[in-house]
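Below is one structure; the comments refer to it alone.
The values are calculated or read from the model by the stated rules, or taken from the named source; none is laboratory data. None of these values were measured; they are calculated from a predicted model. Neighbour counts are summed over all protein chains in view; Cβ atoms, including those assigned to glycine, are modelled from backbone coordinates with ideal geometry. Only protein heavy atoms, including side chains, enter the accessible area calculation; ligands, DNA and RNA are left aside. Shrake-Rupley method; radii C 1.70, N 1.55, O 1.52, S 1.80 Å.
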Amino acid sequence: METSPDSGVAAQAPVATVAPVLQARGVFRFRTDEGQQIPVVRDVSFELRNQEFATIMGPSGSGKSTLLQLLAGLDRPSAGEILIAGEDLAKGDEEYRASVRRRKIGFIFQFFHLLPDLTVHENVTLPLRILGQNPKRHAGRIDNLLELLGVQKLVHRLPSALSGGEMQRVSIARALSTQPPLILADEPTGNLSSKAGEEVVALLRAVRDKLGTSILLVTHNPRDAAAGDRVLFLHDGALQQAAELTGGPFGVADVFHRLQELGI
Ligand SMILES: Nc1ncnc2c1ncn2[C@@H]1O[C@H](COP(=O)(O)OP(=O)(O)OP(=O)(O)O)[C@@H](O)[C@H]1O
Ligand SMILES: [Mg+2]
């Protein structure tokens, strides 16, 4: 029998590999402005490790929201690849992207986007119903989630009877109701008081610690960014990879210092 030079290696037990929760490779997004193709996201490549809490900082207009919409499959890149837990978002049509999004991603918006006519409990369990699952079968887990976010006493209220901080905590519970491996948050503290914003960021860290959810948060608030394990910097649509901060959480001064170095 012929043996290949590699057979010794092949005979070893295979190492279990788990795809990183998020991989972006060479992602571009152009917008057309008066017939001109303007890059809003330029050659963005990075990975989010499983159970990592990373933040992306960048000034207004640097492309943070555009990038997050691409990563969520809400928009298509002009070029490049985006993989969510190994599933290529570019491979399919809108229906396929929606299916990946519903199963794998929880999205948190600056302006909450709670449905005004549904109670807190109905809002939180809506993503389960959209997936065709009966919320009653997840009752214990949903109760734990509501407790973790400190909103268990608010379940019968309508969103109009909540403070901004409470609305955002309900939004986080909603984003987690289907147990996605990835949370994408776009300026989740942008519409909150400083204190409520700090609570929300601390809760996102607690969610990562207790549930193991990977989190990518975009912000132009250095205090929010400082809470991450890693801070990436976006400038004019491009990641400043050499400037990345690792080994967080950081002091706010560390983030300010790096922003100054980058001139942003
Ligand atoms: N629908 C659109 N059509 C054309 N240009 C757009 C559109 N949306 C965003 N842009 C432009 O793309 C660039 C990036 O916008 P984006 O909203 O991603 O920035 P951002 O970093 O999220 O800013 P902010 O901090 O203000 O939220 C900006 O120059 C913006 O004007
Ligand atoms: Mg934005």
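Things worth noting here:
- Of the residues Val40, Val252, ranked by 1.4 Å probe accessible area with the largest first, the sequence reads Val252, Val40.
- Taken along the Cα-to-beta-carbon direction at a fixed 7 Å, the label points for Ala98 and Leu131 span 1.7 nm.
- Divided by 2.2 N^0.38 Å, where N counts the residues, the Cα radius of gyration of the stretch 73-165 comes to 1.29.
- Summed side-chain charge close to Arg102 - residues other than Arg102 whose Cβ falls under 13 Å, Lys, Arg +1, Asp, Glu -1: +3
- Take every pair of alpha-carbon atoms less than 8 Å apart whose residues are at least six positions apart; their mean separation over the length of the stretch 142-225 yields a relative contact order of 29 percent.
- Less than 5 angstrom separates the built amide H of Leu217 from those of Ala54, Thr55, Ile56, Ala185, all sequence-distant by 5 or more or on a different chain.
- Cα pair count fraction exceeding 17 Å, expressed as % - the stretch 77-119: 47 percent
- Averaged per residue, the stretch 105-264 has 45 square angstrom of accessible surface, using a 1.4 angstrom probe with ligands and nucleic acids left out.
- Of the chymotrypsin sites (Phe, Trp or Tyr not before Pro) found in the stretch 77-178, the ones in coil according to DSSP and having at most 14 other Cβ atoms within 10 Å of their Cβ are Phe111.
- Counting only Cβ charges, +1 for Lys and Arg and -1 for Asp and Glu, the dipole size of the chain around its Cα centre is about 840 debye.
- Net +/- balance of residues flanking Arg230 in space, Cβ distance below 10 Å, scoring K and R +1, D and E -1: -2
- Calculated mean residue ellipticity at 222 nm for the chain: -10000 deg cm²/dmol, from DSSP H runs with n ≥ 4 weighted as -39500 (n - 2.57), summed, divided by the residue count and rounded to 500.
- Taking only protein heavy atoms and a 1.4 Å probe, the accessible area of the chain is 51% carbon and sulfur.
- In the stretch 153-262, trypsin sites (Lys or Arg not before Pro) in a DSSP loop with at most 16 other beta-carbon atoms within 10 Å: Arg157
- Of the residues Leu68, Gly35, His257, the one whose Cα sits farthest toward the positive end of the charge dipole of the chain, with +1 on the Cβ of Lys and Arg and -1 on the Cβ of Asp and Glu, is Leu68.
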